[in-house]
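Note sheet for the following structure.
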Amino acid sequence: MLTACAALLAGCNTTEQVATPDVTNAPAIGFARIAPGSEEAFMLNVGRRTYFSAGSAEIDDTARMTLDKQAAWLQENPAWYAKIQGFADDPGNAADNTALSTRRANATMAYLIGKGVDPRRLWAKGYGTQRKVRDCPEQECQAQNRRTVTNLRENKD
């Protein structure tokens with residue numbers, strides 16, 4: 001029986017039977033038609049969200065990695081404007097959360113400007129606890145709401 005199973009498993013070697021990309025950055029199925037410089041390319045290849053610690057508007061090392069990519073992309077694609085939206089899910093009242101989300105949006109915008117993005121192409125707005133990703137009591141879940149989102153726009157509104 002063991003020999004029969006081994007023979008069957010040997011036939012399961014699909015290295016030559018399944019076509020796989022021969023490069024690490026091969027296009028994923030379904031994403032091959034995303035135009036360079038498009039909003040979809042920004043979301044897929046760069047990322048539009050940055051996250052913050054509770055009660056903080058300080059940009060940490062993880063956020064810097066995303067924002068560095070955003071800044072480079074925005075400089076390569078100067079036709080786009082970007083609205084930086086800040087959000088909070090922190091203890092406190094609505095006014096405190098709106099102020100914190102505004103500080104997060106402004107910190108994100110200032111970082112992008114510091115990396116060379118034209119400030120006339122950026123604007124920031126804090127939304128407090130509006131537009132939660134998830135509404136939940138767990139700390140790990142609430143952390144998803146402590147973010148900024150860089151939304152591309154064709155015009156400054």
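The numbers here are math on the coordinates, done by the rules we state, and not lab data. Here the structure is a predicted model, which means the values were calculated and not measured. Cβ coordinates were reconstructed from backbone atoms using ideal geometry, including for glycine residues, and neighbour counts include every protein chain displayed.
Positive contributions from Lys and Arg (+1) and negative ones from Asp and Glu (-1), summed over other residues with Cβ under 14 Å from the Cβ of Met65, come out at +2. Backbone amide hydrogens, once placed in the peptide plane, bring Arg153 within less than 5 Å of Tyr81, Ala82, Lys83, excluding anything fewer than 5 places away on its chain.
Scaled against 2.2 N^0.38 Å for its residue count N, the alpha carbon radius of gyration of the stretch 85-134 is 1.22. All other residues whose Cβ lies under 13 angstrom from that of Asp157 are scored, Lys and Arg at +1 and Asp and Glu at -1, for a net of +4.
Using the Karplus relation 6.51 cos²θ - 1.76 cosθ + 1.60 with θ = phi - 60°, the per-residue 3J(HN,Hα) values for the stretch 145-157 come to 8, 8, 8, 10, 10, 8, 9, 6, 9, 7, 9, 7, 10 Hz, with x marking Gly and Pro. Modelled this way, with points 7 Å down the Cα-to-C-beta line, the labels at Asp96 and Gln144 are 2.5 nm from one another. Taking the average, over residues, of other Cβ atoms within 10 Å as the packing measure, peptides 66-72, 103-109 rank 103-109, 66-72 from highest down.
Can you give the charge dipole size of the stretch 41-116 about its Cα centre, rounded to the nearest 20 debye, using +1 on the beta carbon of Lys and Arg and -1 on the beta carbon of Asp and Glu?
Details: 8 positive and 8 negative charges, 55 e Å.
Dipole of the stretch 41-116, to the nearest 20 debye: 260 debye.
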